[in-house]
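Contents: one structure, followed by commentary.
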Amino acid sequence: MYKTASTGVQAERLWSRHVQMSQFGRICDGGVNRQALTREEVDARGQLLGWARERGFRVAVDAIGNLFITRAGREPNLSSIMTGSHLDTQPAAGNFDGAYGVLAGFEVLEALSDLGITTRRSVQTTVWTNEEGVRFAPGLMGSGVFTGSLALTQMLQSRAPDGVSVAEALTGLERILRPGDERLQHVPAPHTYIEAHIEQGPVLEERGVAVGVVTGIQGIRLYEVEVTGEEGHAGTVPVGARKDALRAAVRLSNSLYAEFADPGEETRFTIGRFTVAPGGRSTIPGRVEFSIDLRHPELSVLEIAERKTIDTIDECNGRPCAASVTRVLARKPTYFAPHVIELISAESRRLELPHLHLPSGAGHDAMMLSDACPTGMIFVPCKEGISHSVRESARKEDLAAGARVLANVLQKLAMQ
Ligand SMILES: [Zn+2]
């Protein structure tokens with residue numbers, strides 16, 4: 001008889017694993033601060049590995065510290081079916097961003113074991129290193145190295161503000177590894193990757209829908225703008241003779257805000273950092289630097305938005321301050337594999353769970369994995385769409401529903 005993996009998912013067990021994980025890096029109000037490769041994050045990984053060893057799952061680690069927990073299939077030489085996410089967090093975060101994807105994946109491995117299901121392909125749950133990019137830059141580091149879009153040697157040299165390098169911080173993993181664990185330079189790409197995650201937006205909760213079938217991740221472009229004027233005495237230089245960089249930068253940023261006032265709210269335009277130099281109370285600002293974060297699900301719209309940004313900055317240049325812009329990151333929109341989207345929809349339907357298709361506003365490890373193999377994501381609702389906050393919250397039954405869909409999707413793929 002065909003056993004369905006979702007019947008082995010236990011809502012209580014999945015919830016209690018979240019509660020146990022939330023003890024690592026605990027801060028006020030039930031939140032966590034568990035930045036990549038700190039003692040707290042390494043301990044959280046150690047807890048997970050402890051559970052994995054009790055179950056007899058195989059443990060492997062690669063050169064950037066990604067952990068792979070494997071439940072072997074009947075044909076171990078075939079490429080595996082992979083799920084996972086991250087255990088690192090922002091400095092004042094909740095218990096679900098990242099942790100949910102790891103623990104839902106682990107729940108599926110346990111469900112398969114409890115039901116005695118033998119899959120054709122192996123099923124793996126992965127903990128990606130440094131997704132958040134708080135302590136070490138850039139984020140999505142582990143998944144980026146895994147898929148080859150970030151260079152290992154360069155990433156190992158990335159340093160935290162306190163001077164510790166990724167290479168040095170990785171030695172902390174020795175504490176939680178055992179002699180039987182595999183240490184691999186590189187782990188082969190999976191057959192398919194599916195990541196479960198809280199939505200981090202309000203759509204599912206507002207519509208009372210249990211499952212988000214993620215269609216892709218919007219593209220992102222980051223820029224640095226520099227406006228250069230002339231420093232001078234606040235009391236003596238006549239207004240007409242000034243080259244006030246702040247005044248020019250404020251006018252420029254207002255033009256940009258007006259340009260991107262999008263009634264459909266599809267284009268996300270953010271100025272997140274604004275620095276004024278030299279910063280003396282009685283000195284006319286000589287230089288302003290600010291950042292622009294531009295996001296949209298369509299590449300063509302992003303390109304038009306970039307053109308508008310550059311044109312607006314060019315128009316401001318020399319009137320009277322110099323203004324220039326540098327693009328520091330361009331990540332094209334991610335479109336998840338249509339057959340994976342269809343499989344997640346079909347399994348949600350079979351479980352009679354209300355579901356809808358939606359794009360992801362935030363970046364995820366799945367974005368990197370989509371370079372390497374067919375990829376998809378399952379979203380579950382979170383309270384008021386809040387994340388990256390100690391107020392982040394999700395409901396036990398929603399987490400379990402997402403894990404049931406994940407279980408059946410992974411099972412189907414692992415039988416192929
Ligand atoms: Zn996340």
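Among the residues of segment 74-85, the ones that are at pLDDT 95 or above and either open to solvent by 10 Å² or more (accessible area, probe 1.4 Å) or within 16 Å of the ligand (Cβ to nearest atom) (or both) come to 8 in all. Among the residues of segment 368-407, those that are touching a Leu at 6+ places or on another chain (Cβ under 7 Å) and more than 14 Å from A210 (Cβ to Cβ) comprise M368, T375. Considering only residues that are over 23 Å from P91 (Cα atoms), in contact with a strand residue (DSSP E or B) (Cβ under 7 Å, 6 or more places away or on another chain) and in contact (Cβ under 8 Å) with a residue 60 or more places away in the chain, which ones fall in segment 119-170? If the condition is that a residue be over 23 Å from P91 (Cα atoms), in contact with a strand residue (DSSP E or B) (Cβ under 7 Å, 6 or more places away or on another chain) and in contact (Cβ under 8 Å) with a residue 60 or more places away in the chain, then R121, S122, V123, Q124 are the ones that fit. Take the residues in segment 86-103 that are part of a loop (DSSP other than H, G, I, E, B) and touching a Phe, Trp or Tyr at 6+ places or on another chain (Cβ under 9 Å); name whichever of them is nearest to the ligand (Cβ to nearest atom). Going through the qualifying residues, I end up with G98.
Selection of segment 128-184 for residues being in contact with a Leu (Cβ under 9 Å, 6 or more places away or on another chain), surrounded by fewer than 18 Cβ atoms within 10 Å (Cβ to Cβ) and polar (S, T, N, Q) yields S149, S165.
Considering segment 301-416, the qualifying strands (runs of 3 or more DSSP E), each wholly inside and each with 2 or more residues that are open to solvent by 30 Å² or more (accessible area, probe 1.4 Å) and under 23 Å from P202 (Cα atoms), run over 355-360. The condition of being open to solvent by less than 10 Å² (accessible area, probe 1.4 Å), of a type in the set (D, E, K, R) and at pLDDT 95 or above holds for only one of D88, D62, D43, that being D88. From the list V214, V227, V209, the one residue that fits, being at pLDDT 95 or above and within 16 Å of the ligand (Cβ to nearest atom), is V214. Does I198 meet the test of being open to solvent by less than 10 Å² (accessible area, probe 1.4 Å) and touching a residue at least 24 places away in the same chain (Cβ under 8 Å)? When the stated conditions are applied, I198 passes them. Of all residues in segment 232-262, those satisfying the criterion of being in a loop (DSSP other than H, G, I, E, B) and farther than 30 Å from S345 by Cβ are A234, G235, T236, V237, P238, R242, K243, D244, F260, A261. With respect to (1) away from the ligand (no atom under 16 Å from the Cβ); (2) over 29 Å from H186 (Cα atoms); (3) open to solvent by 30 Å² or more (accessible area, probe 1.4 Å), the lone exception for S6 is condition (3). Within segment 269-294, residues that are closer than 14 Å to A234 by Cα sit with their Cβ atoms under 9 Å from residues that are part of a loop (DSSP other than H, G, I, E, B) and of a type in the set (V, I, T), at 6+ positions apart or across chains, in these pairs: I284/V237. A single entry from G212, G240 fulfils the requirement of being of a type in the set (G, A, S) and either under 25 Å from V127 (Cα atoms) or open to solvent by less than 40 Å² (accessible area, probe 1.4 Å) (or both): G212. I want to confirm something. Restricting to segment 104-132 and keeping residues that are among the charged types (D, E, K, R) and closer than 17 Å to Y2 by Cα, which single residue is nearest to the ligand (Cβ to nearest atom)? Applying the filter and picking the extreme gives R121.
The values are calculated or read from the model by the stated rules, or taken from the named source; none is laboratory data. None of these values were measured; they are calculated from a predicted model. Quick reminder, even Gly has a Cβ in these numbers, built from the backbone with ideal geometry, and neighbours come from all protein chains shown. Accessible surface areas use protein heavy atoms only, side chains included; no ligands, DNA or RNA. Shrake-Rupley method; radii C 1.70, N 1.55, O 1.52, S 1.80 Å.
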